[in-house]
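Structure first, then comments.
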Protein chains: 2
Amino acid sequence: MFSLLETPRNLVKAALGKVKADLIIKKTNVVNVVTTEILGNWDIVIYDGYIVRMGRINDLDKYVGNRTIIINGEKYYCIPGFIESHVHIESSMLNVREFGKLAAIHGVTSIIADPHEMGNVLGIDGIKFFIEESRYSPVRFYFEVPSCVPAVDPSLGLDSGGKIIDAGQVAMLMQDPGIIGLGEVMDFISVLNAKTEVFVKIASAKLLGKVIDGHAPMLSGEKLDAYLVAGISSDHESTRAEEALEKLRKGMYIFMREGSAWKDLEALAVLITRYSIDTRRIAIAADDISVEDLVEKGYLDYIVNKAISLGIDPIKAIQMVTINPAEHLRLDDRIGVIAPGRYADIILSPSIERISVKSTIINGKIVYKDGEWLYKEPGIYNYPEKVRKTLNIKRIPEPYELLLEAPIKHGSVVVNVIEAIPGSALTRWVKEELKVDKGYIKCDLDRDIIYIAVLDRHHGSGNIGRGFVKGLRLKKGAIAQTIAHDTHNLIVAGTNTNDMIKAVEAVVRAGGGIALAIDNEVRALIELPIAGLVSDKDYMTVYDQLKYMEEVIKDYGVNFNNIHMTLGLIALPVIPELRITDKGLVDVVNGRIIEPIVKII
Amino acid sequence: MFSLLETPRNLVKAALGKVKADLIIKKTNVVNVVTTEILGNWDIVIYDGYIVRMGRINDLDKYVGNRTIIINGEKYYCIPGFIESHVHIESSMLNVREFGKLAAIHGVTSIIADPHEMGNVLGIDGIKFFIEESRYSPVRFYFEVPSCVPAVDPSLGLDSGGKIIDAGQVAMLMQDPGIIGLGEVMDFISVLNAKTEVFVKIASAKLLGKVIDGHAPMLSGEKLDAYLVAGISSDHESTRAEEALEKLRKGMYIFMREGSAWKDLEALAVLITRYSIDTRRIAIAADDISVEDLVEKGYLDYIVNKAISLGIDPIKAIQMVTINPAEHLRLDDRIGVIAPGRYADIILSPSIERISVKSTIINGKIVYKDGEWLYKEPGIYNYPEKVRKTLNIKRIPEPYELLLEAPIKHGSVVVNVIEAIPGSALTRWVKEELKVDKGYIKCDLDRDIIYIAVLDRHHGSGNIGRGFVKGLRLKKGAIAQTIAHDTHNLIVAGTNTNDMIKAVEAVVRAGGGIALAIDNEVRALIELPIAGLVSDKDYMTVYDQLKYMEEVIKDYGVNFNNIHMTLGLIALPVIPELRITDKGLVDVVNGRIIEPIVKII
């Protein structure tokens, strides 16, 4: 139990050797991120989760008791545990426990998480449940209140949407000790228009001295300045060095983003390698990272290594995931530095030119060592039942109900079609001629135009939005999923409506997830019962399920990695050009629902 | 009026040019302390005290209204207003208004003040009055609660002392918005012994997220680590580079001290010029600075120039009085950086190689320009009457009452004598033979041994401590003053008791101050009616009074600059070796009162 009085007094005693240490790392190489030195042959003494003593200690014996664990650190560098500056855990489809585990294995000991998706599906409860679960993890999770739930004003009628987190709820939640600040303020339009709602959200964080993180893609000049005077202090959306440099010059913290979907590190690394600037306000964030990448490549260890390979000095790269974000978060008295009085969050690596996490220590406990997970969780968090019951679909539609009707029995029509762009969040709005058969518009596999539908899964309204999507490269079957940003309705795309319904049924039965149906059979299923977003399985199971699904898709000749990620963005009515929601096709630029049929031929 | 909601909304409008600017600095050279660049030909737009827009602005005209002041910045560098990291205002003998004025003239726009002396004389009221007065100054004063009032536990009986600020009062005062944290924790013995009292003080700051500044001269190894785990984050007492480097490596902020009495900058500058370390945790502080130095040399402008002349890169030196302390204080969202959303605290200098403050802007107002003070104070703070009545001396003693009696009528005795060391806070404990005449021990001017006495001025007890001091070089007359660290009793040293009483009388009549009496006449007087520490006059008057007193002393052949500063430390019973209080001679090392007479000859 931490006590403001007793804990530091006990630490003083431990520093003086009056009580014995829990853990000692002997004769190691400390990566000092304050001075940017490597301190060779140093000892680190740990007590009650804290570093209490460090240096070349002559009388080290006095700290050693019967139960003191001693690590010979000679061959290792001791690096402060990494800090993830901004991530949406949900993108990994892992729950907090499993995400934390994979993170720690890859050297990440503190995570700033913005549970934006949980918020959209479950409102503030979703965030509270994540906070609850995080208490079972050794990793330090610091949550941010998502600032833009929902992404689109429901009164516009573009989307039935999930939950709302209004300014009052933000202000209430802000007081939770598990909350470190306000998550990326995406709605810069409201900021620039000085709308009250967003300023109340910002003020609620400011008032409590909490952080306000930004999201300012392409903002520059007066718009950027206006965004900044609102009190927003960071950005992770820069894609070019010049963009990031302007933001740095204007006092922002810049998180160079390198996740599964967005990779900006290479473009931004020149900030450090070409310009000779102070790097104290540069950090690194993944933003979104898949379980595949986490398992196959790693996490911040991999990203820091990439930064080093791009020419950034190793200690400077390490500063970007330690002291720099710690200072941004005003947590540098606790994390991000190996020093007396800080949490004993340390990773051991045989090299700093190429980091390879041999061991991870969090709060003075060795949680991971030599490929083995050693931490004994205090239990498994049981999500309340409501978390597993987020699919409010009263009746599975008949296959024909997913089809668009035409005002003619036979012939052709020109329809508005969404064209997916692999590896991009953007879509193209194209017009395509399609055949009509028995009054229904038919897909055209030869031209890679298939059916798509979005079913309201929140309100039991029976709403179905119908349309066509081009470019998903699906040759057979259908895929359905409850990951559909940001409201996460049930989206389904397919080559035929029978498989589409089969896939929908499987997802509904699972309480959420991703299902692949081919020839009237469910061929792969990833169950995501937690809010329809996240698995309750261990990370290797989720990884295997995902790999299996991809193999099945490949067997059918589809060469489209992460089809579920592309599909998951097609319902997001805030990124141009054309989208689909349960209300129908959305012209994003003009913010309106449009008719699918352009003309009858 | 600042509003968490309305202020930022108005700033957004101002950034977009929807309301007109108050002040624009055109085509200037911005010293960017985030990136360490000079940004040439940049414009800065200021509204309502804040920077709202910066860059090379093409459409600058849209910010210009009828009442917009425009400064042509072409020939100047715009530097963020300097931050003084740690100072005791009282050492200047100036009140807060006058200190702030001199500070601003020399580029200092934010001051972290530890009103330790006011606290000793007036308790928490003294601190509150300083906070009150600071509200009339354009300079941002951030006060710290002095952590060690009194310096010595009164129960030891070494000193009758002034006021006490106990842990409960510290905790209460900590909640005042004028308070930024806990002042230098000097009592490292209590920290190392894990005493409750000091940990309550630390916890009260920690709990509110406020800063806890340190004072750790020569602390190293396990003692330093024990001091740090208590939660203390800075130090300004390092005198050698190696000492400072150890503290930096252990995560502390280091303030390189360069004041009137202590000059550590040269020794510490090698940290930056010789070692190639990150300097983000290095700041600069004066600690104590005299009105003489302020008027004749300057303030942080002078000290930064000295740092530059010692080989520190100008922008790095500027970082040490801007962004670095701002980050330490967690105020970098407001001060220390020229960027949108920050206070418009800017100084203009024609050079950064050698800073010369041409103009100072605070909160968007030009307070100083071309040698002229332009700020109109909203009024003059009237200290409550009790502040002017801190001398509780019921009866002026007769001259003979200042003499030490001997148990013999005539002959010689060996006495314990305090030897002052010019330019050092230390004293030496020497034993000297002195003559006895009519039962009283006599001084010996030939050997520079004169009378010294300390009169209780707080409790009206009539206590007088008597003794001899060597090395003050006074040839005639006597000097009395109510500046006598830390309890600030009335201390008087002289060549004869008539002049001593004359000087005491003058000080008592003035309600505190420094008086010089020669040949039964008061020849110079600096009235310090505010707590007996601080003048209510303008800074030039105080400067002139001090210079005049020094001239008079020099006329009498005394070559001893700042004799009052040396005298002011002789009563401080926490620095070795021998001291005098109203209770008598104090053996500091053993913490006890000793007899003045060693033996009779």
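The values are calculated or read from the model by the stated rules, or taken from the named source; none is laboratory data. On a predicted model such as this, the values are computed, not experimentally measured, just so you know. Neighbour counts run over all protein chains shown; Cβ positions are idealised from the backbone, glycine included. Side chains are part of the model used for accessible areas, which takes the heavy atoms of the whole protein and leaves out ligands, DNA and RNA. Shrake-Rupley method; radii C 1.70, N 1.55, O 1.52, S 1.80 Å.
Odds and ends about this structure:
- Based on Cα contacts under 8 Å between residues 6+ apart, the range B:413-479 shows a relative contact order of 31 percent.
- Cα-based shape type of the range A:411-453, given that a ≥ b ≥ c are square roots of the gyration tensor eigenvalues and the cut on a/c is 1.5: prolate
- Cα gyration tensor shape of the range B:417-481, rounded if a/c is under 1.5, else prolate or oblate by comparing a/b with b/c: oblate
- The loop-placed chymotrypsin sites (Phe, Trp or Tyr not before Pro) in the range A:1-102, going by DSSP, that have at most 10 neighbouring Cβ atoms within 10 Å of their Cβ come out as A:F2.
- For the range B:7-18, Karplus couplings with θ = phi - 60° (6.51, -1.76, 1.60), whole Hz, Gly/Pro x: 4, x, 5, 5, 5, 4, 4, 5, 5, 8, x, 7
- Shielding by partners, peptide B:330-342 (average Cβ within 10 angstrom, other chains): 5
- With label points defined 7 Å past Cα in the direction of Cβ, position A:R354 shows copy-to-copy spacings of 5.4 nm, given to one decimal and shortest first.
- Take each residue in B:190-200, count the other chain C-beta atoms within 10 Å of its C-beta, and the mean is 3.
- Packing rank of B:345-357, B:483-495, where each peptide gets the mean count of other beta carbons within 10 Å, highest leading: B:483-495, B:345-357
- Eligible lysines near B:K554 by straight Cα distance, threshold 19 Å, same-chain separation 8 or greater: B:K470, B:K475, B:K476
- Measuring between their Cα centroids, the range B:271-332 and the range A:322-337 lie 23 Å from each other.
- Where Cα atoms sit under 18 Å apart: lysine pairs in the range A:355-464 separated by 8 or more or lying on different chains: 7
- Loop-located trypsin sites (Lys or Arg not before Pro) across the range A:40-117 with a Cβ neighbour count of 15 or fewer within 10 Å are A:R56, A:R67, A:K75, with loop assigned by DSSP.
- Amide H partners (placed H, <5 Å) of B:F468, local residues excluded: B:I418, B:I452
- Protein heavy-atom accessible area occluded, A/B pair - total, 1.4 Å probe, Å²: 5500 Å²
- At 7 Å out from Cα toward Cβ: B:G423 inter-copy label distances (nm, ascending): 6.9
- Formal net charge of residues neighbouring B:L182 (Cβ-Cβ distance under 10 Å; K, R +1; D, E -1): -1
- The range A:1-107: GluC sites (Glu not before Pro) in DSSP coil with no more than 13 other Cβ atoms inside 10 Å: A:E74
- The range B:166-225-the range B:503-581 distance, computed between alpha-carbon centres (Å): 32 Å
- Under the Debye formula (equal points on every Cα, no solvent term), log10 I(q)/I(0) of the protein assembly as shown at q = 0.04, 0.06 Å⁻¹: -0.28, -0.57
- In plain terms, if you count all Cα to Cα distances in the range B:42-162 and split them into 10 Å steps from zero, the share in each step is 11, 31, 23, 18, 10, 5, 2, 0 percent.
- For B:L23, the residues 5 or more places off, or on other chains, whose built amide H falls under 5 Å of its own are B:I46, B:I69.
- Distance between the C-alpha centres of the range B:43-89 and the range A:9-75: 49 Å, rounded to the whole angstrom.
- Shown in residue order for the range B:385-400 are the 3J(HN,Hα) couplings computed by the Karplus curve 6.51 cos²θ - 1.76 cosθ + 1.60 at θ = phi - 60°: 3, 4, 5, 8, 10, 9, 9, 9, 10, 6, 8, 6, x, 6, x, 5 Hz (x for Gly and Pro).
- The listed peptides A:394-406, A:160-172, B:195-207, ordered by packing as a protection proxy, come out as B:195-207, A:160-172, A:394-406 (highest mean of other Cβ atoms within 10 Å first).
- Peptide ranges B:109-122, A:8-21 listed from the most packed, as the mean C-beta count within 10 angstrom indicates: B:109-122, A:8-21
- Between copies, the label points of A:R473, set 7 Å from Cα on the Cα→Cβ line, lie 8.8 nm apart, reported in increasing order to one decimal in nanometres.
- Exercise: per-residue mean of other protein chain Cβ atoms within 10 Å, A:206-214: 1
- Debye, to nearest 20: dipole size of the range A:388-498, +1 on Lys, Arg Cβ, -1 on Asp, Glu Cβ: 300 debye
- Longest to shortest principal axis, alpha-carbon extents of the range B:499-557, angstrom: 28, 23, 12
- Cα gyration tensor shape of chain A, rounded if a/c is under 1.5, else prolate or oblate by comparing a/b with b/c: prolate
- Estimated vicinal HN-Hα couplings, Hz - the range A:70-81 in sequence order (Karplus 6.51, -1.76, 1.60; Gly, Pro = x): 10, 10, 7, x, 3, 8, 10, 9, 9, 10, x, x
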